[in-house]
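Reading through the structure tokens given below for one structure.
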Amino acid sequence: IAPTGALVRATHHRVQVEGSGLVGIWASTAAAGSTVRLAASDCVSTTNGWGIVVQGQGAGEVNVERCQVIHNGTAMATSDAGILRVSNSVIAFNQVGVFGAGTLSRGNNTVEGNTGGNGTFGGTFTAK
């Protein structure tokens with residue numbers, strides 16, 4: 001999802017993205033004034049270059065719940081002002097697990113077996 005100066009609200013529920021070669025789930029706010037609010041639940045992102053990516057200068061936020069991000073190059077990443085909140089998810093068997101200061105964990109994820117390193121979440125968040 002990459003809006004141009006607009007607000008986009010989206011929900012991915014029980015979506016499977018496999019073998020895209022690029023990014024499985026992508027939220028980009030590169031255009032000035034653009035905003036993305038995406039919720040992904042019970043999803044699978046596998047055999048992509050990147051599993052889930054949030055990037056851009058605008059307000060990009062993705063919440064991930066009960067998802068499997070496996071067999072990708074990099075599982076989860078943020079750049080610029082992107083925020084990626086992750087809960088109850090499995091991040092395994094990728095080359096790189098988690099990357100970026102905007103990746104936040106609720107502390108209940110499985111991040112194991114990523115061959116180039118599991119990586120580190122940039123921070124945590126609590127249920128409210």
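The values are calculated or read from the model by the stated rules, or taken from the named source; none is laboratory data. Bear in mind that the values here come from a model prediction, so they are computed numbers and not experimental data. Neighbour counts are summed over all protein chains in view; Cβ atoms, including those assigned to glycine, are modelled from backbone coordinates with ideal geometry. Heads up: the accessible areas ignore ligands, DNA and RNA and are worked out on the full protein's heavy atoms, side chains in. Shrake-Rupley method; radii C 1.70, N 1.55, O 1.52, S 1.80 Å.
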Neighbour cut-off at most 11 other Cβ (10 Å), DSSP loop, trypsin sites (Lys or Arg not before Pro), the range 1-86: 14
In the chain, what % of DSSP beta bridges are antiparallel (nearest 5)? 0
Could you rank 22, 38, 7 by how accessible they are, 1.4 Å probe, largest area first? 22, 7, 38
Cα-Cα pairs above 20 Å in the chain: how many percent? 35
